[in-house]
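Notes follow the structure.
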Amino acid sequence: MTGELTSTISIREQKQQPHHPDSPAHTHLPHGRSSRPTWTIEESEKLYRIQGWGEPYFSINAVGHVTVSPKGDRGGSLDLFELVEALKGRNLELPLLIRFSDILADRIERLNACFAKAIARYNYPGCYQGVYPVKCNQHRHLVEELVQVGHPYQFGLEAGSKPELMIALATLKTDGALLICNGHKDREYIETALLSMRLGQKPIIVIEQLEEVQLVIDISAKLGIEPIVGVRAKLSTKGIGRWGESTGDRAKFGLTLPEILSCVNQLRDAGLLNALQLLHFHIGSQTSAISVIKDAIREASQIYVELRALGANMNYLDVGGGLAIDYDGSKTNFHASKNYNMQNYANDIVAEVKEACEARHIPAPVLISESGRAIASHQSVLIFDVLNTSDVLSGEPAPAHQNEHLIIRNLWETYGNITVENYQEAYHDAIQFNEEAKSLFNLGYLSLTQRARAEQLYWACCEKILNIVRTQDYVPSDLEDLEKTMASIYYVNLSVFQSVPDSWAMNQLFPIMPIHRLDEEPTRRGILADLTCDSDGKINQFIDLRDVKSVLELHPLRKAKVQENQGSGGEFTDQVTQPTPLEESGKTSHPQTREPYYLGLFLVGAYQEIMGNLHNLFGNTNTVHIRLTPRGYEIEHLVKGDTITEVLSYVQYDAEDLVESIRRRTEQALRDNSITLAESQRLLQNYQKSLSSYTYLSS
Ligand code: PLP
């Protein structure tokens, strides 16, 4: 399958600006107000920070759509919105995970190029031979592609468990590529890894627990195969950020220095000291500060040269993972960013190791890194649609008349008198009157209609106050949360638990933005609520240049074009979509009444897919692998998402048994005359159709 290639549209270079009250993120408009006709795509670029986190792969084109340049600066780009429409036309429903194979290749090439440049710059006498940690994203097509594009660089794999070892052994076919065997190991793991040497593999068994040393000695003696052994050191260098606890004395993995010495002695006693060739450490994923990386390399280099001095045949230094990516584009050591680039990373590793080895006159090791996040994140984009929205506001309030309840008249008066001078006082008055209205209602002195009217006036006051707050340089602390309180809820066709588990579990930030309408001002502020019935199933933290935003700038939903021609047109204003009766076609009609609004969650290629869970039984999403071709693009692989039958089988339900159970109950209902024949047929048809359908909502 192929599609059209759109021309690459260059976007004006912009210098990063710190947040300023006048920057687009602070150019606030009231909820639902129509957008400025002068809004530009440059303003969208700045607002969503796409150059900060997206370069060189993502940008915005002249028609306000996100474009993808999968080969980075080397040309060729795709209009992401058009791609999604084309994929939907092929019956691929949202949410849809799009993997760009060329981005994966570009990341591997960049990493190798950075090390090659650093090696040349510092005249490093050794070489670099990276491995990809399979744990980061184990999906078959991705690992196979990675091995293929890594072939010219003898790029290898790292396994952190027995199942991952199985993948690595069968997939890695590159002569001389390394297979780093990490993780807890039993006899079978070690035996299998050693025997794979007979097939031409180059496994290095990294001792993570002291007990593994004796196992390796025994098994290699039994098989008559001399192993290549590594040790994982627990460095004293402190990690940083969400995953910073991978180092230090209480770290879960690795050997302390006394344990490393004990390992050396055991291997020496067994006549296997020559087998000890590698030192490994891992200071935690997403290491945002280059100083931490430098400290770790310095410490590890000293351990390395000391091991050599003890007689070990040291030949490899494996710096683990940790190479971070810039999720918020701020170029800082904030946990969602990093204060260095890939070239700085390679330079520091090469320079530090060279210096330590030269000082002790020992040969420079082969440098290995186990970068996962830096290789796999950019290639995956999750596209999902907005189902509907809910706002606290319900239109302009009508004036209070003389005989309305005092509390309503008070709220109306507060609303009418809000100014820049008194907005803080007015806010406190509005809160007080609203609280009083609730008490009066609870005591039976206000009707439901009166209470609703009071609430509407209260929110109208809040909105008016918020519009003033947004123009102020200083926001009093009691008004800081107003933006969050007033945010619209955008209900999205997605499970946070399945597709972005790190957002739910550890508040990790990912760039999220609309993939179209970027030439139009996003006049709403919203948070995202997913399909699950869990209050945690939401995203209410978004990237920002400074710190984190609690709302995302979004566009109002619009009626579908066809509807606009027939009726009033314009914004879609209803808050809760009323379910329509089933039509004869068996379809509900509401999603067709609005124009689709697509959001993209970017940089999700590392860890998210495999750690996602089946909360509420929302399964794997549809996935496509897209590759650029001279004439456009081709869909290399298509992996259909789970059907309801599949997710039910994970929890031991058999679809046929379920259908049979419903069939028997409809028969009984027919006998009891509580259902008509037509209804029973409809029920059974729906039930069966649902079982074979996608677990998400169809649009
Ligand atoms: N190596 C080891 C031992 C790890 O535990 C991990 C992940 O935490 C990695 C490599 C990959 O790290 P990253 O994704 O930060 O490159």
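Values in this text are rule-based calculations from the coordinates and carry no lab data. The shown structure was predicted, so the numbers you read here are calculated from the model rather than taken from an experiment. Using ideal geometry, Cβ is built from the backbone for each residue, glycine included, and neighbour counts are taken over all protein chains shown.
Data for the structure
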quantity: Given charges at Cβ of Lys, Arg, Asp, Glu: region 201-342 dipole, positive-most of 313, 219, 271; calculated: 313
quantity: Neighbour-count ranking [beta-carbon atoms within 10 angstrom, fewest first] of 186, 318; calculated: 186, 318
quantity: On Cα atoms only, tilt of 448-469 relative to the major axis of the chain in degrees; calculated: 60
quantity: Hits among aspartates and glutamates - C-alpha to C-alpha of residue 162 under 13 Å, sequence gap 8 or more where chains match; calculated: 186, 188, 191
quantity: In Hz, Karplus ³J(HN,Hα) per residue of region 253-269 (6.51, -1.76, 1.60; θ = phi - 60°; x = Gly, Pro); calculated: 10, x, 10, 6, 4, x, 5, 4, 5, 5, 4, 4, 5, 4, 5, 4, 4
quantity: Dipole magnitude of region 402-481, debye to nearest 20 (Cβ charges: Lys/Arg +1, Asp/Glu -1, about Cα centre); calculated: 400
quantity: Other-chain or far-sequence residues with amide H under 5 Å of residue 387's (modelled H); calculated: 491, 492, 493
quantity: From phi via Karplus (6.51, -1.76, 1.60), per-residue ³J(HN,Hα) for region 552-558 in Hz, x at Gly/Pro; calculated: 10, 6, 9, 9, x, 5, 10
quantity: Net charge dipole size for region 394-530 [Lys, Arg +1 and Asp, Glu -1 on Cβ; Debye, nearest 20]; calculated: 420
quantity: From the C-alpha gyration tensor of region 363-487, square roots of 5λ in Å; calculated: 48, 19, 13
quantity: Euclidean distance of C-alpha centroids, region 269-339 and region 191-254, integer Å; calculated: 15
quantity: Karplus-derived 3J(HN,Hα), 6.51/-1.76/1.60, for each residue of region 207-213, Hz, glycine and proline x; calculated: 6, 10, 10, 4, 4, 5, 4
quantity: Set of lysines with alpha-carbon distance to residue 484 below 19 Å, sequence-local pairs under 8 removed; calculated: 464, 538, 549
quantity: Between region 113-188 and region 638-683, the Cα center-to-center distance that results, in Å; calculated: 47
quantity: Using alpha-carbon coordinates, inclination of helix 406-416 to the longest axis of the chain, degrees; calculated: 70
quantity: q = 0.11 Å⁻¹, region 168-286: log10 I(q)/I(0) [Debye, one scatterer per Cα]; calculated: -0.38
quantity: Stokes-Einstein diffusion coefficient of region 282-349, Kirkwood radius over Cα pairs, 20 °C, 1.002 mPa s, in µm²/s; calculated: 167
quantity: Peptides 128-134, 49-55 ordered by average Cβ neighbours within 10 Å, highest first; calculated: 128-134, 49-55
quantity: Order of 290, 260 under a 10 Å beta carbon neighbour criterion, fewest first; calculated: 290, 260
quantity: Listed residues 603, 628, 647: farthest to the positive end of the dipole of region 587-652 (Cβ charges); calculated: 628
quantity: Amide proton proximity set for residue 60, modelled H, under 5 Å, gap of 5+; calculated: 67
quantity: Fraction of antiparallel bridges per DSSP, the chain only, in percent to nearest 5; calculated: 55
quantity: Degrees, to the nearest 10: 342-359 long Cα axis against longest axis of the chain; calculated: 20
quantity: Long-range HN-HN contacts of residue 128 with modeled amide H, under 5 Å; calculated: 367
quantity: Spatial extent of region 588-699: Rg and Dmax, with the Cα atoms as the point set, Å; calculated: 19.4, 66
quantity: 222 nm mean residue ellipticity, helices alone, for the chain (DSSP H n ≥ 4; -39,500 (n - 2.57); rounded to 500); calculated: -11000 deg cm²/dmol
quantity: Positive dipole terminus of the chain, leading residue within 104, 39, 405 (C-beta point charges); calculated: 104
quantity: Zero-based 5 Å bins, Cα pair distances in region 242-392, whole percents; calculated: 2, 8, 16, 18, 16, 13, 9, 6, 4, 3, 2, 1, 1, 1, 0
quantity: Average projected area [Cα convex hull, the chain], square nanometres; calculated: 38.4
quantity: Least to most buried among 175, 534, 385 (fewest other Cβ within 10 Å first); calculated: 175, 534, 385
quantity: Region 49-187 shape via C-alpha gyration tensor axes, a/c threshold 1.5; calculated: oblate
quantity: Hits among aspartates and glutamates - C-alpha to C-alpha of residue 117 under 14 Å, sequence gap 8 or more where chains match; calculated: 109, 348
quantity: Charge dipole magnitude, Cβ of K and R +1, D and E -1 - the chain, Cα centre, debye nearest 20; calculated: 1240
